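Take a look at the structure set out below.
Here, each number is a calculation from the coordinates, and none is a lab measurement. Since this is a predicted model, take the numbers as computed values, not measurements. Cβ atoms come from the backbone with ideal geometry, glycine included; neighbour counts cover every protein chain shown.
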There are 2 protein chains.
Amino acid sequence: MKQIYAIGIGLIGGSLAKDIKRHDSEVVVHGISRKDATLNEALSLNLIDKKATLDDISKADLVIVSIPVDATVKLLPTILDKIPETALVIDAGSTKEAICKAVENHPKRRNFLAMHPIAGTEFSGPSAAIDNLFVGKTNIICEVEKTAFKLQEKALKLFEAIGMRIRYMNPVAHDKHIAYVSHLSHISSFMLGKTVIEKEKNERDIFDMAGSGFASTVRLAKSSPEMWTPIFKQNKANVIETLEEYINNLIHFKTFMEQDDFEAVFNEMRETNHIKDILNGIN
Amino acid sequence: MKQIYAIGIGLIGGSLAKDIKRHDSEVVVHGISRKDATLNEALSLNLIDKKATLDDISKADLVIVSIPVDATVKLLPTILDKIPETALVIDAGSTKEAICKAVENHPKRRNFLAMHPIAGTEFSGPSAAIDNLFVGKTNIICEVEKTAFKLQEKALKLFEAIGMRIRYMNPVAHDKHIAYVSHLSHISSFMLGKTVIEKEKNERDIFDMAGSGFASTVRLAKSSPEMWTPIFKQNKANVIETLEEYINNLIHFKTFMEQDDFEAVFNEMRETNHIKDILNGIN
């Protein structure tokens with residue numbers, strides 16, 4: 001897999017391209033983007049070797065699709081149309097059901113591997129790409145059985161080389177669970193940021209009083225709306241469900257406070273404390 | 001200020017004791033705690049030089065009170081009763097109104113300086129104490145005018161030595177603003193952790209799918225319920241107000257999603273994105 005075409009060269013696409021190239025110096029990375037400015041930035045950051053267009057992927061060994069998930073759904077059939085029989089196409093979208101569905105009956109479905117590397121940060125664009133982003137990170141692969149065996153093998157070799165841990169899941173389960181451990185976090189963070197900004201018109205005061213705890217909880221509110229709006233749209237039902245549960249838990253907590261039931265407030269926190277063990281691995 | 005008595009030797013008290021000692025080798029730190037085990041741990045970690053009891057503070061130059069805020073309200077009058085005329089007492093509570101009120105008419109009110117160093121982490125206890133915790137951190141001082149001028153001076157010299165940035169505020173304003181930039185973050189984090197734990201009974205799956213974003217938003221759910229319950233109790237009215245606004249913002253966001261108004265979803269996020277600039281300082 002020497003001729004790599006990266007469609008979208010932001011945090012994920014750019015970091016993947018960098019890592020793959022570092023592990024195989026013969027690789028040539030071709031960048032494809034709607035915006036020429038992005039390509040120029042990616043060139044100047046050495047994320048890509050050459051600019052390319054969608055028609056060029058007829059010469060691809062590997063196509064990496066890291067664009068907003070609505071664009072992936074739209075473009076993926078065309079991408080499969082254009083690639084040679086031997087090429088592998090991978091996507092990195094935060095939703096998997098709609099993306100898998102978009103190509104379920106495509107004659108080249110077996111050239112596609114659906115994945116979700118859990119390696120995002122709040123940053124986006126070519127300048128967000130970093131070395132070794134994927135070391136130790138989980139990469140969730142969906143419907144692996146629908147990918148040609150030889151291409152599965154190539155993909156896994158690549159993921160291993162850049163340090164990823166692999167987990168297999170079906171797209172429906174992926175979208176349901178990821179709503180809890182990723183999509184909800186983003187909304188909680190955005191709305192927390194909104195609540196504070198609305199209230200604290202004097203921003204200097206927020207800045208001065210905000211500690212690392214606040215920074216940590218609102219970090220994700222720096223994320224790209226261009227990327228996240230389509231994710232919420234595609235995972236609407238799951239996200240709404242998580243939001244309802246989250247809102248209900250917050251209302252409960254508030255009610256305990258209003259009723260001066262601080263024993264219940266204490267217990268709510270105590271029972272959640274074992275998130276420590278979950279985050280540190282299972283004891 | 002050579003004889004220092006630390007009442008409570010956890011993250012804040014322990015870190016303060018460490019830093020102060022490092023900047024003045026003649027200082028002797030005496031530890032006071034309800035639990036002998038805490039004192040022994042603090043001794044073994046070199047946070048304190050000696051164990052002491054409350055009566056010993058009659059020999060204090062400086063008393064540092066870093067215990068849960070309900071305990072501070074109860075104990076502070078007694079502490080002022082017991083100190084010599086020349087001693088300075090500082091507290092580090094996350095609420096300020098009730099604490100200031102508890103000693104407003106105390107004959108030794110001028111020996112007390114109310115402060116809130118914004119330097120907490122999600123950890124607690126003596127083992128959480130670290131060097132240089134306060135470098136570059138904001139220390140909010142309340143009702144500075146009620147502290148004797150000489151003691152103000154001593155305190156500021158000390159805070160400067162350990163690297164703190166000082167801000168002055170009245171206790172009512174402190175409690176109102178801190179509800180937004182700290183207390184609400186803790187509740188959002190605890191309830192996010194709760195929502196995910198309730199849903200994801202298979203904890204191994206949470207762990208595997210959770211990325212740095214989730215870890216960041218639930219980090220504060222590791223915090224001590226013993227410390228946070230009294231904070232929420234003392235700052236009840238402000239915290240309930242912030243919670244109401246936060247819940248309303250979440251409901252709005254959910255409604256936009258239910259109505260398929262993803263333009264509004266986009267705008268909600270776009271408008272909150274400038275939290276970047278707030279967190280990085282004002283441009």
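How much of the DSSP bridge set in the range B:3-170 is antiparallel, in percent, rounded to the nearest 5?
Working: 4 of 27 bridges.
Close to 15 percent.
According to the Cα gyration tensor, what semi-axes, each the square root of 5 times an eigenvalue, does the equivalent ellipsoid of the range B:2-64 have, listed from largest to smallest in whole Å? Before the final figure, lay out each step's value.
Details: eigenvalues 47, 40, 17 Å².
Calculated on Cα positions only, the semi-axes equal 15, 14, 9 Å.
Quick one: pull the percentage of alpha-carbon pairs in the range B:140-206 with a separation above 15 Å.
Working: 1526 of 2211 pairs.
Counting every Cα pair in the range B:140-206, those more than 15 Å apart make up 69 percent.
What does the charge add up to near A:Asn132, with Lys and Arg as +1, Asp and Glu as -1, over the other residues with Cβ less than 11 Å from its Cβ? It would help to have the intermediate numbers written out before the result.
On the way: positive: A:Lys18, A:Arg22, A:Lys137; negative: A:Asp19, A:Asp131.
Counting the neighbours of A:Asn132, the net charge comes to +1.
Give me P(r) over the range B:174-279, computed from all C-alpha to C-alpha distances, binned every 10 Å, as integer percentages.
All Cα pairs considered, the percentages come to 12, 34, 38, 15, 0.
For q values of 0.12, 0.14, 0.17 Å⁻¹, compute log₁₀ I(q)/I(0) with the Debye formula on a Cα-only model of chain A, without solvent.
Each listed q corresponds, in turn, to -0.81, -1.04, -1.41.
With unit charges on the beta carbon (Lys/Arg positive, Asp/Glu negative), name the residue among A:Ile12, B:His177, A:Pro77 whose Cα is farthest towards the positive pole of the charge dipole of the protein assembly as shown.
Sorting the options by dipole projection puts first A:Ile12.
Around A:Lys254, under 14 Å between beta carbons, what's the net of Lys plus Arg minus Asp minus Glu among the other residues? Display every interim value, and only then the final one.
Numbers: positive: B:Lys194, B:Lys233, B:Lys236; negative: A:Glu258, A:Asp260, A:Asp261, A:Glu268, B:Glu241, B:Glu244, B:Glu245.
Value of the local net charge: -4.
Rounding to the nearest 20 debye, state how big the charge dipole of the range B:3-170 is about its Cα centre with +1 on each Lys and Arg Cβ and -1 on each Asp and Glu Cβ.
Values: 22 positive and 21 negative charges, 39 e Å.
Roughly 180 debye for the range B:3-170.
Evaluate peptide B:260-271: per residue, the Cβ atoms of other protein chains within 10 Å of its Cβ; return the mean as an integer.
Values: counts 2, 0, 6, 1, 1, 9, 7, 2, 6, 17, 5, 6.
The mean count of partner-chain Cβ atoms within 10 Å per residue comes to 5.
Below 12 angstrom from the Cβ of A:Gly14, what's the summed charge of the other residues (Lys, Arg +1; Asp, Glu -1)? Let's see the in-between values first.
Working: positive: A:Lys18, A:Lys21; negative: A:Asp19, A:Glu41, A:Asp131.
Within the 12 Å Cβ shell, the charges total -1.
Label points 7 Å out from Cα along the Cβ direction at A:Glu226 and A:Arg270: separation in nm?
The answer from the label model is 5.0 nm.
Assign unit charges at the C-beta atoms only (+1 for Lys and Arg, -1 for Asp and Glu), then state the dipole size of chain A relative to its Cα centre in Debye, rounded to the nearest 20. Can you show the working numbers first?
On the way: 35 positive and 38 negative charges, 226 e Å.
Once rounded to the nearest 20, the dipole reads 1080 debye.
For chain A, modelled as a Gaussian network with Cα springs under 10 Å, which listed residue fluctuates most, A:Ala215, A:Ala128, A:Ala179?
Comparing A:Ala215, A:Ala128, A:Ala179 in the GNM, the peak value goes to A:Ala215.
Note the angle between two axes, namely the Cα long axis of helix A:69-82 and the longest principal axis of the Cα atoms of chain A, as a number of degrees from 0 to 90, rounded to the nearest 10.
Helix A:69-82 and the main axis of chain A meet at about 10 degrees.
When chain B is treated as a GNM, springs tying every alpha-carbon pair under 10 Å, which of B:Gln234, B:Gln259, B:Gln152 comes out with the largest mean-square fluctuation?
Top of the fluctuation ranking is B:Gln259.
Can you pull the Kirkwood radius for the range A:118-230, inverse mean 1/r over Cα pairs, to one decimal in Å? Write down the numbers at each step before the final one.
Working: mean 1/r = 0.0595 Å⁻¹.
The answer is 16.8 Å.
Pairs of alpha-carbon atoms within less than 8 angstrom and 6+ residues apart define the contacts here; what relative contact order does chain A have, in percent?
Working: 439 pairs, mean separation 46.7, N = 283.
Answer for chain A is 17 percent.
At 222 nm, what helix-only mean residue ellipticity would chain A give, in deg cm²/dmol to the nearest 500, using -39500 (n - 2.57) for each DSSP H run of four or more? Display every interim value, and only then the final one.
Numbers: 13 runs with 142 residues, N = 283.
Roughly -15000 deg cm²/dmol at 222 nm, from the helical runs in chain A.
Quick check: the angle from helix B:225-234's long axis to the longest principal axis of chain B, C-alpha only, nearest 10 degrees?
Between the helix axis and the principal axis of chain B, the angle is about 90 degrees.
Grab the Cα-Cα distance for B:Glu85 and B:Ile130, subtract it from 0.36 nm times how many residues apart they are, and report the gain in nm with one decimal. Write out the running numbers ahead of the final one.
Working: separation 45, 0.36 × 45 = 16.20 nm, distance 3.14 nm.
Taking B:Glu85 through B:Ile130 to full extension adds about 13.1 nm, to one decimal.
Over 23 Å between Cα atoms: which of A:Lys201/B:Lys146; A:Lys35/A:Lys101; A:Lys194/A:Lys236; A:Lys108/A:Lys154; A:Lys59/A:Lys96 fall into that group? Walk me through the intermediate numbers first.
On the way: A:Lys201/B:Lys146 29 Å; A:Lys35/A:Lys101 27 Å; A:Lys194/A:Lys236 21 Å; A:Lys108/A:Lys154 17 Å; A:Lys59/A:Lys96 26 Å.
The answer is A:Lys201/B:Lys146; A:Lys35/A:Lys101; A:Lys59/A:Lys96.
How do B:Thr217, A:Thr121 line up, fewest other C-beta atoms within 10 Å first? Write down the numbers at each step before the final one.
On the way: B:Thr217 30, A:Thr121 19.
So the ranking, lowest neighbour count to highest, is A:Thr121, B:Thr217.
How large is the Kirkwood hydrodynamic radius of the protein assembly as shown, counting all unique pairs of alpha carbons, in Å? Don't skip to the answer; put the middle values down first.
Numbers: mean 1/r = 0.0390 Å⁻¹.
Result for the protein assembly as shown stands at 25.7 Å.
For chain A, with a Gaussian network of springs between Cα atoms less than 10 Å apart, report the residue from A:Lys21, A:Lys150, A:Lys108 with the top mean-square fluctuation.
A:Lys150
How high is the relative contact order of the range B:174-279, in percent, counting Cα pairs under 8 Å that sit 6 or more residues apart?
Working: 41 pairs, mean separation 35.1, N = 106.
Computed value for the range B:174-279: 33 percent relative contact order.
Normalised by the empirical 2.2 N^0.38 Å for globular proteins, what value does the Cα Rg of the range B:30-160 take? Mind showing how you got there, number by number?
Details: Rg = 14.4 Å, N = 131, 2.2 N^0.38 = 14.0 Å.
Rounded to two decimals, the normalised Rg is 1.03.
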